[in-house]
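Bear in mind these aren't lab numbers, they're just calculated from the coordinates by the rules spelled out. Computed from a predicted model, the values in this text were never measured in an experiment. Virtual Cβ from ideal backbone geometry, glycine too; neighbours counted across all protein chains shown.
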């Protein structure tokens, strides 16, 4: 089986000056079933360049992602106009800005007065619908986060976790179709850590395909609760992790959006450190 691998990272993209030398030229890809390339689309959740050694990380090693970067194409000057989960995914599917595809924000989040509500019209053109027209079977595993049935936007096989985060060992909350090509969404139960479950389900779907395929694998264990797989719980035990240069920034010299941003860990309602911590220790 021959794969064309596309990797996407949401939502942090690098600036030009942060990057090492350009990747090596891509080797010649081989055709999949029917003479067409199979596509494995891997999406990470909130992956900063500081977490990838192919972008110069000196702390975290990512050899398999580095291989994809070396053998493929690496973006050197990318931007996002709406750095949220659902809007980014809607843009990846449609190739349009969020004010065009309707997903202007995350679903089920309070909307400021006067702001439009996010919505996603399943009848609009998506990359999966186009690929199906050209003989591809399509799959999605992992995070979905759009308020529509994946079957209605062109997926033949899908299993996703309801919601947008953890806990990551919870076997409940998975939704998927019972068979290839079915539009039915049913509750499913999968034991194990989310990343391992998503990988296994992606392999299962690929094995069911009988035509050239695109499989979108969308990991999402970057959200709270910050719960690593048990096998990696002590990976950095005894290692001092340096604070980023902006960690103690008071935002006095920055524009108001940076100063007023929400979702800082210290401001989250389920962040409950000991009550006697100082403000510096809490941060």
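Taking the chain as a Gaussian network of alpha-carbon nodes connected by springs under 10 Å, the highest mean-square fluctuation of the residues 106, 272, 77 belongs to 272. Exposure proxy shown here: for 74, 67, 240, the number of other Cβ atoms within 10 Å sets the order, fewest to most, as 240, 67, 74.
Add -39500 (n - 2.57) for each DSSP H run of 4 or more in the chain, then divide by its residues: what number comes out at 222 nm, to the nearest 500 deg cm²/dmol? Helix-only estimate at 222 nm: -5000 deg cm²/dmol. In this calculation the C-beta distance from residue 53 to residue 254 is compared with R0 = 45 Å, giving a FRET efficiency of 0.95.
If the chain linking residue 99 and residue 211 were pulled fully straight, counting 0.36 nm for each residue of separation and taking away their Cα-Cα distance, it would gain 36.9 nm. Principal-axis analysis of the Cα atoms of the chain puts helix 194-208 at an angle of about 10° to the longest axis. When the Gaussian network model of the chain links Cα atoms closer than 10 Å, the mean-square fluctuations of 213, 75, 155 top out at 75.
Remark: spin-label model distance residue 203-residue 222 equals 2.5 nm, labels positioned 7 Å along the Cα→Cβ axis. Considering only the Cα atoms of segment 37-152, their convex hull presents on average a projected area of 9.2 nm². Based on Cα atoms of segment 129-283, Rg over Rh with Rh as the Kirkwood radius reads 1.09. What is the helix-to-structure angle for 85-94, meaning the angle in degrees between its Cα long axis and the longest Cα principal axis of the chain, kept from 0 to 90 and rounded to the nearest 10? So the inclination is approximately 30 degrees. Between residue 196 and residue 79, the distance separating the two model label sites (each 7 Å from Cα on the Cα→Cβ line) works out to 4.2 nm.
Sorted ascending by nearby beta carbons within 10 Å, beginning with the fewest, 153, 141 become 153, 141.
Based on the Cβ-Cβ distance from residue 121 to residue 175, what FRET efficiency comes out when R0 is 22 Å, to the nearest 0.05? Approximately 0.60, to the nearest 0.05.
Relative contact order of the chain: 16 percent, from C-alpha pairs under 8 Å at least 6 residues apart in sequence.
When 216, 103, 268 are arranged by Cβ crowding within 10 Å, least crowded first, meaning fewest neighbours, the order is 268, 216, 103. Size descriptors for segment 3-218 (Cα atoms only): Rg and Dmax, in that order, 17.6, 53 Å.
Mind checking which of 89, 259, 224 has the largest fluctuation in a GNM of the chain, springs on alpha carbons under 10 Å? Highest fluctuation of the listed residues: 259. Restricting to the chain, what percent of DSSP beta bridges are antiparallel, rounded to 5? Given both bridge residues lie in the chain, the antiparallel proportion sits at roughly 20 percent.
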